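Below is one structure, written out as structure tokens; comments come after it.
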Amino acid sequence: MLGAIIGDIVGSVFEWERIKHTDFPLFCERSAFTDDTVMTMATAQTLLDGAQGDHAANYRAFGRRYPRRGYGGMFAQWLASDTMGPYNSWGNGSAMRVSPVGFACTTVDTALNQAQRSAAVTHDHAEGIKGAQATALAVFLARTGARKDHGRDVRATKDEIRSEIAERFGYDLDRTIEQIRPAYGFRESCQATVPEAIIAFLDSTDFEHAIRLAVSLGGDSDTLACITGGIAQAYYKAIPQWIADEALNRLPAELTDLLDRFEKRFDVKR
């Protein structure tokens, strides 16, 4: 989950600059966590709450505790209301907040079901749910493995992750970042964000490279890198310490404490 937070913080300063290269400083004075991190933490809290976990209640509680973090218009209305239900959104907000599901769940079915639950309280459009499920499954497969070898889980290869996500959700993952980048711009939908974020992971050579590729698309950079970062952490299991420290230093104590509790409870590797 820290990988998603790092992606959000790194991408936060490039959302409107829309750079098209990977040669940029990962952190600067303006680098800060956005709504992507807040909602990711809210998802983590729900999973820690167990069977009594309430995604809607936690999204509202965390969103109200951390206002003015870049929430979308309809979601901001939802946050301000105690009674507003889901609003048929296909936006990428359902995918940006779901990485904890991939780290916490122990089977494909539970990951898909929990991702659906996390999305449906706001993003109940089929594409909103699909984006959350694809992201959660990518994290799950990158972390646990897609197949058995003599009864033992074997980490999925990138080709296996690509194939499973493409076949299950119909995303075109046979493109490269180099092919996508020239014509790509700011996109708010799951269907135009999640596949590209997954491809940034698939094309990468390590965690930092994955984040740089996601930002270099020149789109919704904090969300793209947030989605990519969660998958990359799960797969590479090696976030450079200086990058982790830079991100953690930008979080309030409440969120770092929650991150620590989540990692210990679900045995998440950095």
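Quick note: the coordinates plus some simple rules give every number you see, no bench work behind them. Note that this is a predicted model, so its numbers are computed, not measured. Every residue, glycine among them, receives a Cβ derived from its backbone with ideal geometry; neighbour counts consider all protein chains shown.
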Through the Karplus equation 6.51 cos²θ - 1.76 cosθ + 1.60, θ set to phi - 60°, convert the phi angles of the stretch 200-206 into ³J(HN,Hα) values in whole Hz; use x for Gly and Pro. 4, 5, 4, 7, 7, 10, 7
What ranking, highest mean first, results for peptides 254-261, 229-236, 21-28 when packing means the other Cβ atoms within 10 Å averaged over each residue? 229-236, 254-261, 21-28
Computed label-point distance, nm, for sites Gln52 and Asp206 using a 7 Å Cα→Cβ extension: 4.4
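Summing -39500 (n - 2.57) over the DSSP H runs of n ≥ 4 in the chain and dividing by its residue number, what mean residue ellipticity at 222 nm do you reach, to the nearest 500 deg cm²/dmol? Each step should come with its number before you reach the end.
Details: 15 runs with 160 residues, N = 270.
Using -39500 (n - 2.57) per qualifying helix, the result is -18000 deg cm²/dmol.
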Using θ = phi - 60° and the Karplus form 6.51 cos²θ - 1.76 cosθ + 1.60, what ³J(HN,Hα) does each residue of the stretch 73-87 get, whole Hz, x for Gly and Pro? x, 5, 5, 4, 4, 4, 4, 6, 9, 8, 10, 4, x, x, 10
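The stretch 19-155: D in µm²/s via Stokes-Einstein (Kirkwood Rh, Cα pairs, 10 °C, 1.306 mPa s)?
Values: Rh = 15.9 Å.
Value of D from the Cα-based Kirkwood radius: 100 µm²/s.
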Binned at 10 Å from zero, the C-alpha pair distances of the stretch 114-253 give percents of 12, 41, 35, 11, 1
Find the Cα radius of gyration of the stretch 1-86, compare it with 2.2 N^0.38 Å by division, and give the number to two decimals. 1.24
For the stretch 116-127, 3J(HN,Hα) per residue [Karplus equation, 6.51 cos²θ - 1.76 cosθ + 1.60, θ = phi - 60°, Hz, x = Gly/Pro]: 4, 4, 5, 7, 5, 5, 10, 9, 8, 5, 4, 6
Theoretical gain in end-to-end length, Glu167 to Arg64 [0.36 nm per residue, Cα-Cα removed]: 33.3 nm
Who wins for biggest fluctuation among Arg168, Arg143, Arg117 in a Gaussian network model of the chain, springs between alpha carbons below 10 Å? Arg168
